[in-house]
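Chemist: Attaching a single structure in structure tokens format; questions to follow.
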Amino acid sequence: MSETPNITIPADLLPADGRFGSGPSKVRVEALDDLAATGTSFMGTSHRKPTVKNIVARMQDGMREFFSLPDDWEVIIGNGGATLLWDALSFGFINDRAQHLSFGEFSSKFATCTTAAPHLSDPMVIESEMGARPEMVADASIDVYAYPHNETSTGVFMPVQRPEGASGLVAVDATSAAGGLRWDPADCDMYYFAPQKCFAGDGGLFLALSNPAAVERIESVKASGRWIPAGLDLGTALDNSRKNQTYNTPALATIYLTMHATEWMNEQGGLEWAAARCDAKAAQLYGWAEAHELAEPFVTNPDHRSHVVATIDFDEAVSADTIAEVLSANGIVGTDGYRKLGRNQLRLSLFPAIDPEDTVALTQCIDYVVGELV
Ligand SMILES: *Cc1c(COP(=O)(O)O)cnc(C)c1O
């Protein structure tokens, strides 16, 4: 590896908080302080007792409020994050055949998962090139339509919607979108995520917001007699979630931090506040890239550009990897492009916890580094 150029960014340009990674992402220091302040009363106590169950309930209720969920929706929780939930969905949610929109690393992984599942028919996988997004196609053989609200690897946003004229259920991977992008519960049946991105929590947990049709599907697949590994059983996850518990021991810190971020965002004004904050940062960041001689947004269609994860291409005159290394040496971390895309690119998160002034400072720091490098 070549040496990182020795460039010191002037202190007055630096952001107050240098975490711009797309997951795990910035956890608010206030939340960490409050967690530490629980001292002997929370961490290290039983997840089956009221102390912890009350925090789980506050997290679940906070989600209901934040997303203005209809009363008949469930906040199903379980261990293992979004990736494990894909396996659980392949066992306990897809009847026979899924349709996947595949336009980046995460959406393609779920498609790989259901393709490999021996008990399911091969899915219908609709792909597009990286940096764009494909369209769903209603098809009578499909009982679950699956796509990400935000493809975190490429920074492409996909609106939450149902394919016209389709009867299947719609399951949206909102891992990097939930908390920062608007959606309407009428437009999908399950909206699932892990909380280490917009929700400024930590990894290891999944939350699957589910309407009655989704719950009915979980129950009917279970009743069909299909073998479902106990740890992947969504019916069991549902039963436990209703009791503010998980099937097996969860990471208590993840639950605490997620509860904290949810209540904080609700106090600020909920989803509308968070989404507007992401919109403003996206406008600033993409505007900066468009005006820059050596940079441009990777996603060419402005309507498809994510407002939670921005991907910025750089001219070959400057190495994006080197920019990221110099930023990191100056305490600004997580700006590297997604490796597998193989582009001369930075990927910058715009998650709600990140202060708008810090996004401005980030662009000024990149300008400074680029100025020193070329
Ligand atoms: C990060 C991410 C995942 C994976 O989440 P894990 O909690 O690591 O399993 C899945 N989908 C999307 C869209 C993501 O951004």
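The values are calculated or read from the model by the stated rules, or taken from the named source; none is laboratory data. Small disclaimer: the values here were computed from a predicted structure and weren't measured. In this analysis, Cβ positions are derived from the backbone assuming ideal geometry, glycine residues included, and neighbour counts consider all displayed protein chains. These area figures cover heavy atoms from the full protein model, side chains too; ligands, DNA and RNA do not enter into them. Shrake-Rupley method; radii C 1.70, N 1.55, O 1.52, S 1.80 Å.
Chemist: Within the range 46-79, track down each residue that is under 14 Å from Gly179 (Cα atoms) and part of a loop (DSSP other than H, G, I, E, B).
Modeler: Phe67, Ser68, Leu69
Chemist: Now for a different question. Please tell me if Ser41 is among the small types (Gly, Ala, Ser) and buried (at least 17 other Cβ atoms within 10 Å of the Cβ).
Modeler: no
Chemist: So if I check each of Leu341, Leu350, Leu346, Leu362, which one is modelled with pLDDT under 95 and either surrounded by fewer than 20 Cβ atoms within 10 Å (Cβ to Cβ) or within 23 Å of the chain's Cα centre (by Cα) (or both)?
Modeler: Checking each option against the conditions leaves just Leu341.
Chemist: Quick check on this structure: which one of Leu348, Leu327 is under 20 Å from Thr359 (Cβ atoms), in contact with a strand residue (DSSP E or B) (Cβ under 9 Å, 6 or more places away or on another chain) and within 16 Å of the ligand (Cβ to nearest atom)?
Modeler: Leu348
Chemist: Another question, if that's okay. In the range 163-219, what count of residues is obtained for those that are open to solvent by 10 Å² or more (accessible area, probe 1.4 Å), within 11 Å of the ligand (Cβ to nearest atom) and touching an Asp or Glu at 6+ places or on another chain (Cβ under 7 Å)?
Modeler: 1
Chemist: Suppose we filter Ala283, Ala289, Ala324 for residues that are free of Cβ contacts under 8 Å to residues at least 60 places away in the same chain, outside any strand (DSSP E or B), open to solvent by 20 Å² or more (accessible area, probe 1.4 Å) and of a type in the set (Gly, Ala, Ser); which single one remains?
Modeler: Ala283
Chemist: Name the pairs: first residue in the range 6-25 and assigned by TED's automatic domain parsing to the domain that holds Ile354, second residue assigned to a loop (DSSP other than H, G, I, E, B) and modelled with pLDDT under 95, Cβ to Cβ under 9 Å, at least 6 apart or on different chains?
Modeler: So the pair list comes out as Ser22/Tyr338.
Table: residues versus (1) open to solvent by less than 10 Å² (accessible area, probe 1.4 Å); (2) in a helix (DSSP H, G or I); (3) within 21 Å of Thr359 (Cβ to Cβ).
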| site | (1), (2), (3) |
| --- | --- |
| Thr258 | yes, yes, no |
| Glu263 | no, yes, no |
| Ala274 | yes, yes, yes |
| Cys278 | yes, yes, yes |
| Asp313 | no, no, yes |
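Chemist: Follow-up question, since we're still on this one. May I ask you to verify whether Thr4 is outside any helix (DSSP H, G or I), modelled with pLDDT under 95 and either within 16 Å of the ligand (Cβ to nearest atom) or open to solvent by less than 60 Å² (accessible area, probe 1.4 Å) (or both)?
Modeler: Yes.
Chemist: Would you be able to tell me the number of residues in the range 65-81 that are touching a strand residue (DSSP E or B) at 6+ places or on another chain (Cβ under 7 Å) and under 24 Å from Leu232 (Cα atoms)?
Modeler: Residues flagged as touching a strand residue (DSSP E or B) at 6+ places or on another chain (Cβ under 7 Å) and under 24 Å from Leu232 (Cα atoms) within the range 65-81 amount to 9.
Chemist: I've got another one for you. Read through the list (1) within 22 Å of Pro195 (Cα to Cα); (2) open to solvent by 30 Å² or more (accessible area, probe 1.4 Å), then give the number of the only condition that Asp72 fails.
Modeler: Exception for Asp72: condition (1).
Chemist: Now for a different question. Kindly provide the set of residues from the range 45-69 that are without any contact (Cβ under 8 Å) to a residue 60 or more places away in the chain and either in contact with a Phe, Trp or Tyr (Cβ under 8 Å, 6 or more places away or on another chain) or open to solvent by 80 Å² or more (accessible area, probe 1.4 Å) (or both), ordered by number.
Modeler: Lys49, Pro50, Thr51, Asp61, Arg64
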